[in-house]
Each structure stands twice: as structure tokens, then as C-alpha cells.
Amino acid sequence: MAIPSGKRIVFTGGSGKAGRHVIPELLKRGYQVLNLDLIDFPDPSANVFTLKTDLTDSGQVFNALTTHFNFSGYEDTQVPSPPDAVIHFAAYARNMLVPDNECYAGNVRSTYNVIEAACKLGVKKIIIASSETTYEVCFGQGNLDYTAFPLVEDMDVNPMDTYAISKLCGERYERDFPRYIQNPETRKRNAWAYIDARDLGQICDLCVQRDGLGFQVFNATNDTITATFPTKQFLEQYAPNTPVTREMGEWEAPLSNRKIKEVLGFKEEHNWRKYYNPDQ
């Protein structure tokens, strides 16, 4: 796939746990990126400017989507135009950071403001990070079972909690795998699946490049289960109360990424086993 010639992306929450890894991937693919966040981008050497923006203020959002990407923009004879795409990752990152009403209100309001501003300004691509927590188990009250495996995007979900946007990504997974692998029951909250932040960068790239999607929901996840034995055997042992609706691949992740592979052509590049050998 050809590297885009300078397409412009406004990325919200780029200083967070996922964004700090996704933005470098987008920069490597030739995009120009403006980061909207309340804190600076953690890597000062990265070619990305951070505009301190309160996304719950719709006026700030509209202004940020029509501003320069950096100080060099003032040298241009043209006034700033809206970006080619908006990628919205900003949110309260989990439950219990703030009271539930603020978590809900802040996340919903900021998402609405981003979508409204982008649509009214004619931005053609809007990519929003949701969460596997929408499949009800992660922050549900009590030890819940999933509806069915594999988890697919068009399932009817009814989460019990206020949190909607959270991910465990990239280096966090790699650091945690030694302990994480030994206790598979603790990973039920994430459906024994994961997304490497670099592959998440590829997914954002694919969404930006593909036209005609309309509204789509994609499970942004890697290919394989985070377990040391095959999926069928694993689910029989650790999720015996959840039906399996189709035959699954030997190591297929219970959180299915079949749709994103078929629709966008996603190809995993960073399988967790490349970085951690559970047999050692």
C-alpha cells in the first residue's frame, strides 16, 4: 500500500497509553498529525504538535479542527482547512478515575463534540476507539459470562458500567505477559484477546484509506488467544457456560477480528508470541 502524501489527521488523546504508540505508526506511514490532548506528547522528539484542548467544550473542538498543525502553518498563504481524518481516542481511560456520572458525561460529551464538529466541517473519515468492555463482562457486576464466542461486532450488547473506551496495548502487554500468562482466568475481562498498539496504528491507517465505509463497528484485536493451549480446549475449561456459535481456528482469539480482516484487509504484524515465549 502506497504511503499517503501528507494526509492530515487530527488525533485526540494522542498522549495516552494507546495514542503514544499509534501516532508514531501514522507518522511512519507519511501522515501529518496534530495531537489534541490536555498533556504534551510524551516523546518530545516526535514530529507532532500537541494543542491543549478540552474536548467537552464544543467551541474548542471546532477551533482545533480548523487550526494549524504547527507553527510552520503561519508561513502558508492559505488559511487552515479541516483535516482529512479525525481519530478520536481521548477519554477517561477506565472506571474509578472519576465518579461514574463524570466518566459517562465527559466521554459522551467529548465524543459527540468531535463527531459533530468533524461532520459539520466536512471531514470524510472519523475513527473512534470504543472498547471490548462493551461486551459486558469487563466491568460488569459479578462474574458474568459472555453471550457467545467468537465475539463479533454485530452482537447485541448491554454493558452495565459507564466506561466505554479502554485498552491494554503494546508495551503494557509485553511487560505483563510473564504474570499475565500464568493466570488465564484473570484475562476474562478482555475475552482473552489483545491489540498490539502498532497493529492498532495499521488499523487506523486502513480506516483512513478506505472510502465508502459509512458507519462500521470493528473489533480492533490481534489474531490469537492469549493462552498457552488451543482455543477450543481453553474455552471448554475457562468459559464452559458460553456457547460457541461457529467452528473457531485452533488459536483464534475469542474476540473475533474476522470482519476487519475481510473488510479492511488487516494483517497482524505483531503477534504476542514474537515477543514472549510462554514455554521458557
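Please enumerate the residues belonging to segment 33-55 that are out of contact with any Leu (no Cβ under 9 Å at 6 or more places or on another chain) and surrounded by 18 or more Cβ atoms within 10 Å (Cβ to Cβ).
Listed by number, the list holds a single entry, Phe41.
A quick yes/no check of all residues on (1) under 23 Å from the mean Cα position of the chain (by Cα); (2) modelled with pLDDT of 95 or more; (3) farther than 30 Å from Glu269 by Cα:
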position: Ser5; (1), (2), (3): no, no, no
position: Gly19; (1), (2), (3): yes, yes, no
position: Val22; (1), (2), (3): yes, yes, no
position: Asp40; (1), (2), (3): yes, yes, no
position: Lys52; (1), (2), (3): yes, yes, yes
position: Ser81; (1), (2), (3): no, no, yes
position: Ala91; (1), (2), (3): yes, no, no
position: Ala105; (1), (2), (3): yes, no, yes
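Looking at the structure I just gave you, is Glu269 in contact (Cβ under 8 Å) with a residue 40 or more places away in the chain and part of a loop (DSSP other than H, G, I, E, B)? Step through it out loud before you land on a result.
Working: in contact (Cβ under 8 Å) with a residue 40 or more places away in the chain: yes; part of a loop (DSSP other than H, G, I, E, B): yes.
So Glu269 fits the description; yes.
Of all the residues that make up segment 265-280, how many are surrounded by fewer than 19 Cβ atoms within 10 Å (Cβ to Cβ), touching a Leu at 6+ places or on another chain (Cβ under 8 Å) and on the phi < 0 side of the Ramachandran plot?
Qualifying residue count for the region: 0.
Restricting to segment 201-250, and then to whatever is among the small types (Gly, Ala, Ser) and surrounded by fewer than 18 Cβ atoms within 10 Å (Cβ to Cβ), can you tell me which residue is modelled with the lowest pLDDT? Reasoning before the result, please.
So in segment 201-250, the residues among the small types (Gly, Ala, Ser) come out as 201, 212, 214, 220, 227, 239, 249.
Right, trim to surrounded by fewer than 18 Cβ atoms within 10 Å (Cβ to Cβ) and you get 212, 214, 249.
Details: Gly212: 89, Gly214: 86, Gly249: 93.
Once the filter is applied, the top-ranked residue is Gly214.
For segment 116-151: of the residues being at pLDDT 85 or above and under 16 Å from the mean Cα position of the chain (by Cα), which is farthest from Pro80 (Cα to Cα)?
Ala129
Anything in segment 231-249 that is assigned to a loop (DSSP other than H, G, I, E, B) and either closer than 17 Å to Thr147 by Cβ or out of contact with any strand residue (DSSP E or B) (no Cβ under 9 Å at 6 or more places or on another chain) (or both)? List them, or say none.
Filtering segment 231-249 for residues assigned to a loop (DSSP other than H, G, I, E, B) gives 239-243, 245-249.
The answer is Ala239, Pro240, Asn241, Thr242, Pro243, Thr245, Arg246, Glu247, Met248.
If we keep just the residues of segment 56-94 that are over 17 Å from Leu26 (Cβ atoms), in contact with a Gly (Cβ under 7 Å, 6 or more places away or on another chain) and among the hydrophobic types (A, V, I, L, M, F, W, C), which is surrounded by the most Cβ atoms within 10 Å (Cβ to Cβ)?
The residue in question is Ala91.
Name every residue in segment 78-135 that is in a strand (DSSP E or B) and in contact with a Phe, Trp or Tyr (Cβ under 7 Å, 6 or more places away or on another chain), in order of residue number.
Filtering segment 78-135 for residues in a strand (DSSP E or B) gives 85-88, 125-128.
Once the filter is applied, which keeps residues that are in a strand (DSSP E or B) and in contact with a Phe, Trp or Tyr (Cβ under 7 Å, 6 or more places away or on another chain), segment 78-135 yields only Ile87.
The values are calculated or read from the model by the stated rules, or taken from the named source; none is laboratory data. What you are looking at is a predicted structure, and each value in this text was computed from that prediction instead of being measured. All Cβ positions, glycine included, derive from the backbone under ideal geometry; neighbour counts span all protein chains shown.
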